[in-house]
Amino acid sequence: MQLFHGTIHSLSTEIENSGTIAHLVARPFYEGDDVSTTDGFVYLTDNIGYAIYLAQRNAVYKGEDMCAVYSVDVNYSELLADIDQLRMKHGMTVDDAKKLTATQSLQISQSCAIARSLAIGGDVKAKLLLPSGSNSQHQDYKFMAQLRQLRKTGDAGQALSLVKADNWHHF
């Protein structure tokens with residue numbers, strides 16, 4: 001199943017140097033304010049616009065001008081509901097969120113999780129490098145903003161169709 005993972009540019013460099021999008025990492029964003037993510041998972045979405053939104057939001061937060069989105073291909077049977085998003089953004093209890101399938105999680109929150117690291121060149125097929133939300137002078141800023149905007153409508157297909165094959169760096 002094709003899904004996407006968004007991150008800041010500096011972390012994308014670390015990801016590629018290590019060869020994996022790690023599931024066990026120090027969570028660098030929003031620590032201690034009840035919106036931190038649970039360690040032990042890689043968080044994924046089926047909407048490239050949502051991956052871009054998360055990546056650019058975190059890039060702005062960390063003061064970076066660029067962000068990255070990875071295209072991954074994983075077996076659906078490995079996917080889990082994203083308990084954190086369902087709890088924080090949709091007000092579910094942890095027990096109720098745990099009852100959901102990955103498909104239900106994607107439908108509700110545009111997010112799911114996998115409890116293992118993802119290998120560059122294996123699970124991780126390609127990378128899209130885009131400007132962050134604070135990099136409005138970059139030539140791809142309007143393109144990035146258009147893709148990010150499609151997350152609100154949940155139109156993953158339209159967002160993905162706007163990304164041309166030559167925009168991706170394949171592993």
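Every residue, every condition in (1) open to solvent by 30 Å² or more (accessible area, probe 1.4 Å); (2) in a helix (DSSP H, G or I); (3) on the phi < 0 side of the Ramachandran plot, yes or no:
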residue: Leu128; (1), (2), (3): no, no, yes
residue: Gly133; (1), (2), (3): no, no, yes
residue: Gln139; (1), (2), (3): yes, no, yes
residue: Lys152; (1), (2), (3): yes, yes, yes
residue: Ala159; (1), (2), (3): no, yes, yes
_What are the pairs with Cβ atoms under 6 angstrom where one residue, in the stretch 35-64, is farther than 15 Å from Ala145 by Cβ and the other, located anywhere, is surrounded by 19 or more Cβ atoms within 10 Å (Cβ to Cβ) and of a type in the set (Val, Ile, Thr)? Sequence gap at least six, or different chains._
Val42/Ile21; Val42/Ile114; Asn58/Ile8; Lys62/Ile8; Glu64/Ile8
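Quick check on Tyr76: is it within 18 Å of Gln107 (Cβ to Cβ) and hydroxyl-bearing (Ser, Thr, Tyr)?
Yes: the conditions hold for Tyr76.
The values are calculated or read from the model by the stated rules, or taken from the named source; none is laboratory data. Small disclaimer: the values here were computed from a predicted structure and weren't measured. Counting neighbours? That spans all protein chains shown, and the Cβs are built from the backbone with ideal geometry, glycine included. Note: areas computed on protein heavy atoms with side chains; ligands, DNA, RNA excluded. Shrake-Rupley method; radii C 1.70, N 1.55, O 1.52, S 1.80 Å.
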